[in-house]
Amino acid sequence: MKIDKTNTHLKNRLAGLLDKRSIYNEPFAIPFEPEIFPLSVRSLFPDARQIFLEIGSGYGEFTRENALRNPAAGIIALEKKRHRIAGSIREQKVMGLQNIRWMVVDINWFFDEIFEDNSFDRIIINFPDPWPKKRHHKNRFISNALLSSLSRMSKPDALLEFATDYFPYLSDTLSILEISPQWKNMHGRGRILSTIPGRPVSFFEQQKRDENLPVYFLQFVHARG
Ligand SMILES: C[S@@+](CC[C@H](N)C(=O)[O-])C[C@H]1O[C@@H](n2cnc3c(N)ncnc32)[C@H](O)[C@@H]1O
């Protein structure tokens with residue numbers, strides 16, 4: 001087959017493939033290879049005092065700042081967009097951080113199988129895509145199935161943090177969490193926070209704050225047992 005080297009669409013696709021390889025050769029990236037699952041997070045961070053999971057890390061500003069402020073923690077960040085992870089790793093190197101590992105994965109396709117039981121001390125979901133239309137709600141991160149998976153992967157007393165600017169999503173998430181036997185609102189039933197002092201600010205949170213829009217946080221603790 002003759003390749004048209006002026007074809008930008010083809011060039012972009014090839015660049016995407018090379019990008020994928022370049023991520024997988026990175027020491028900070030977790031390769032998506034079937035034989036590594038379920039993953040022992042301890043093996044990734046043998047000396048970490050705590051292990052955090054962040055879902056939908058985007059460009060990784062929050063992840064890196066969180067890693068900087070918690071040097072004794074190991075952080076695993078999941079994100080479906082490869083170029084966002086490639087950029088995140090580049091910035092991680094500039095900052096000289098050793099305590100983050102990244103995985104390119106679409107958690108709606110593959111999640112429950114990734115991690116061993118009892119892996120995480122803290123789980124962070126910052127500004128997930130809100131999917132406002134009812135027929136798209138199935139694409140949202142938060143569901144009973146996801147909360148059960150997170151419960152299995154969480155240590156007793158692990159913290160689950162959820163942030164959004166979209167009130168209907170907040171309200172639906174609060175309803176699901178409040179009736180879940182596995183999670184307990186650490187501030188009391190129905191409590192929503194408008195800020196968490198000292199918490200790093202994610203890219204999307206900064207955008208909303210710059211637009212003077214309200215943002216909402218939930219903090220739930222994993223029930224023992
Ligand atoms: C609105 S952005 C928020 C990014 C970041 N957490 C922040 O607050 O700045 C949502 C992120 O979740 C990622 N995402 C959406 N659906 C996903 C999925 N099914 N699996 C993994 N990542 C996903 C998107 O690619 C995007 O980077």
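The values are calculated or read from the model by the stated rules, or taken from the named source; none is laboratory data. On a predicted model such as this, the values are computed, not experimentally measured, just so you know. All Cβ positions, glycine included, derive from the backbone under ideal geometry; neighbour counts span all protein chains shown. Protein only, heavy atoms only, side chains kept; ligands, DNA and RNA dropped before computing areas. Shrake-Rupley method; radii C 1.70, N 1.55, O 1.52, S 1.80 Å.
Among the residues of segment 121-142, the one identified as open to solvent by less than 10 Å² (accessible area, probe 1.4 Å) and either more than 9 Å from the ligand (Cβ to nearest atom) or part of a helix (DSSP H, G or I) (or both) is 123. The residue list 180, 171, 175, 194 contains one member that is hydroxyl-bearing (Ser, Thr, Tyr) and open to solvent by less than 20 Å² (accessible area, probe 1.4 Å), which is 180. Looking at segment 204-218, is at least one residue closer than 20 Å to residue 106 by Cβ and either open to solvent by 10 Å² or more (accessible area, probe 1.4 Å) or away from the ligand (no atom under 16 Å from the Cβ) (or both)? Checked against the condition, which is being closer than 20 Å to residue 106 by Cβ and either open to solvent by 10 Å² or more (accessible area, probe 1.4 Å) or away from the ligand (no atom under 16 Å from the Cβ) (or both), segment 204-218 yields at least one hit. For segment 173-187, the count of residues that are of a type outside the set (A, V, I, L, M, F, W, C) and within 16 Å of the ligand (Cβ to nearest atom) is nonzero. When 54, 26 are checked against the criterion of being among the acidic types (Asp, Glu), in contact with a helix residue (DSSP H, G or I) (Cβ under 8 Å, 6 or more places away or on another chain) and more than 19 Å from residue 149 (Cα to Cα), a single residue qualifies: 26.
For segment 76-120, the tally of residues that are within 16 Å of the ligand (Cβ to nearest atom) and under 25 Å from residue 148 (Cβ atoms) stands at 20. Report yes if some residue within segment 143-162 is touching a Pro at 6+ places or on another chain (Cβ under 6 Å), of a type in the set (Phe, Trp, Tyr) and open to solvent by less than 60 Å² (accessible area, probe 1.4 Å); otherwise report no. No, every residue in segment 143-162 fails to be touching a Pro at 6+ places or on another chain (Cβ under 6 Å), of a type in the set (Phe, Trp, Tyr) and open to solvent by less than 60 Å² (accessible area, probe 1.4 Å).
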